[in-house]
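Okay, so here's the structure we're looking at.
None of the figures in this text is laboratory data; all of them are computed from the coordinates on show. Everything numeric here is computed off the predicted structure, so don't read it as measured data. Here the Cβ positions follow ideal geometry from the backbone for every residue, glycine too, while neighbour counts run over all protein chains shown.
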Amino acid sequence: MRIDIVSLFPEYFEPLHLSLVGKARRDHIFDIHVHDLRQWGVGPHRQMDDTPYGGGPGMVMSADVWGTALDAVHRLGTQAGNKPLLVIPTPSGVLFNQSLATSWTTQTHLVFACGRYEGIDSRVAMYYSSQPDWAGVHEVSLGDYVLAGGEVAVMAMTEAVTRLMPGVLGNSTSAADDSFSLPGGRVEGSVFTKPPIWRDLEVPAPLISGNHALIAKWRAADSIRRTHVNRPDLMRDLP
Ligand code: 6GU
């Protein structure tokens, strides 16, 4: 997989050289290319935004600048003849979740277009969703709160998707045991390590019993308990 990220703040993405994602990049499981949108800006000031039609506060990013940028990034990935999926992070998008992340792992080329200010001229999403040499457009939100721009959302989405790709997690850590990948989409239960007693708090007995069936049963029950307490919205999905 090839991932291209276009942003006015490319430095935001330096941490993608670290930890699990950084290691997987060095292992060539996928590559990530970050581009400064400003290079496609117009005029001596490399302008990339303008006032909104209909009035109102703030600025809107120009379709023209984004069109030039996205066409250029498309060409960078087409050596393989692949169609890129365009992801536009926006609080007005569909909610990002584990199943959307999983569905993206089979793409050959992901392009993230990070908006700032009041967002990107809506004709950009319209245009690229109708282009046969693109795999589609997903406008995606991280959750019901507003960030200053798409960068932090793209960091989260990139990490969520890439850790699901074959070879990124070691065999000892399986994505099948992740929250939201468990049966019914529930969250993971509590976890413990040594010592068995810490400040008078004991590790639940089943976990130190050595009885694998008992351990599995305790974990399933604890996961359901935690889903009930923290995520009652998920409970209707449980079997
Ligand atoms: Cl994807 N972008 C912005 N700017 N704010 C958000 C978001 C995205 N998701 C939640 N809030």
Inter-probe distance in nm under a simple model that places probes 7 Å from Cα toward Cβ, at Asp144 and Tyr117: 3.0
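What's the magnitude of the charge dipole for the range 31-72 around its Cα centre, counting Lys and Arg as +1 and Asp and Glu as -1 at the beta-carbon? Answer in Debye, nearest 20.
140
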DSSP beta bridge pairing in the range 2-162, given as percent antiparallel to the nearest 5: 10
Cα centroid separation, the range 105-168 to the range 7-67 (Å): 11
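Rounded if a/c is under 1.5, else prolate if a/b is larger than b/c, else oblate: which is the range 60-162, with a ≥ b ≥ c the root eigenvalues of its Cα gyration tensor?
oblate
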Proximal aspartates and glutamates relative to Lys83, as straight alpha-carbon distance under 19 Å, when same-chain residues fewer than 8 apart are discounted: Asp4, Asp31, Asp71, Asp133, Glu139
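Relative contact order for the chain: what is it in percent, counting Cα pairs under 8 Å that are at least 6 residues apart?
So the answer I get is 19 percent.
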Mean separation of Cα contacts under 8 Å, 6 or more apart, over the residue count of the range 179-237: relative contact order %: 40
Pair-distance profile P(r), taking every C-alpha pair of the range 179-237, with 10 angstrom steps and integer %: 22, 43, 29, 5
Qualifying lysines (Cα of each under 28 Å from Cα of Lys194; at least 8 residues distant if same chain): Lys217
Contour excess over end-to-end distance, with Cα ends at Asn97 and Ala205 and 0.36 nm allotted per residue: 35.5 nm
Quarter of the Cα convex hull surface for the chain, i.e. its orientation-mean projected area (nm²): 17.4
Selection from Met235, Pro183, Ala153 lying farthest towards where the dipole of the chain points positive, charges on Cβ: Pro183
Cβ-defined net charge surrounding Leu142, 13 Å radius [Lys, Arg +1; Asp, Glu -1]: -4
Length gained when the stretch Ala221-Asp36 is fully extended (0.36 nm per residue, less Cα-Cα span): 61.8 nm
R0 of 25 Å, Cβ-Cβ distance Met59-Val152: FRET efficiency to nearest 0.05: 0.80
Full-extension gain in nm, Leu214 to Arg75, via 0.36 nm per residue minus C-alpha separation: 44.5 nm
Given charges at Cβ of Lys, Arg, Asp, Glu: the range 88-239 dipole, positive-most of Trp218, Thr162, Val140: Trp218
